[in-house]
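The structure appears right after this line, and notes come after that.
The values are calculated or read from the model by the stated rules, or taken from the named source; none is laboratory data. Everything numeric in this text was worked out from a predicted model, so none of it was measured. As a convention, Cβ positions derive from the backbone with ideal geometry for all residues, glycine included, and neighbour counts pool all protein chains shown.
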Amino acid sequence: MLVLHDYWRSSASWRVRLALAAKGLPATRLPVSLIAGEQRSPAHLARNPQGLVPVLEDGSLVLNQSIAIIEYVDECHPAPPLLPATPAGRALVRGAALVIAAEVHPLGNLRVQRWLRDEMGQAEAAITRWLHHWMAEGLGALELFAHSHGGRQLYGDQVTLADLCLVPQLYNARRFGLPLAPYPRLLAAEAALLAHDWAMATFPSEPEKAK
């Protein structure tokens, strides 16, 4: 049985939930509250010394970093594939995914926002401006990518790793009030993915509110 340590509103965690759902793979979810600081607990640091989520356990194997986790799952359970069949296609999809996972998301995650607020003394308006700048830069590049390579999804008609990164990032953009009208191809790819029942079942829901 797979065990996923995640936080309900973590973009990186949501990517992994989407990948598991696309494959029809059940996993036991163990929440790690980033607000309560549980990511810095000794137990979690033993799983991931960075104190981040997600963490996926597959038996004795413990994996960190969402992109690595998704590619591991894709290799172990190849149907349906989350990467194209050709080397060129795989490189293009990985590149699109990393626009989000390596460029946009890290600059806007919770620990960066806290640093800007608590250590750099930035006001909420300045933090929002920071978030909007980096999100818009990345989403603009992906909009051009989708115009060049997209069909129903970011790359052709197949749900890929790039779409799994895109959907949580658009959720974040809405949270912080970024206008999304300039990105019609991205919105279409998001809608196509969320048309799948398995995808909607992964949507963020706060576990504390269910108690």
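Structure summary
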| read-out | value |
| --- | --- |
| Failed criterion for Asp6 (all others in (1) charged (D, E, K, R); (2) touching a helix residue (DSSP H, G or I) at 6+ places or on another chain (Cβ under 6 Å); (3) at pLDDT below 95 hold) | (3) |
| Conditions (1) of a type outside the set (A, V, I, L, M, F, W, C); (2) in contact with a strand residue (DSSP E or B) (Cβ under 9 Å, 6 or more places away or on another chain); (3) in contact (Cβ under 8 Å) with a residue 40 or more places away in the chain: number failed by Arg15 | (2) |
| Segment 79-127, residues that are under 23 Å from Leu52 (Cβ atoms) and more than 19 Å from the chain's Cα centre (by Cα) | Arg114, Trp115, Leu116, Arg117, Asp118, Glu119, Met120, Gln122, Ile127 |
| Matching residues, segment 79-118, being surrounded by 16 or more Cβ atoms within 10 Å (Cβ to Cβ), closer than 19 Å to Phe145 by Cβ and among the small types (Gly, Ala, Ser) | Gly89, Ala96, Ala97, Ala101 |
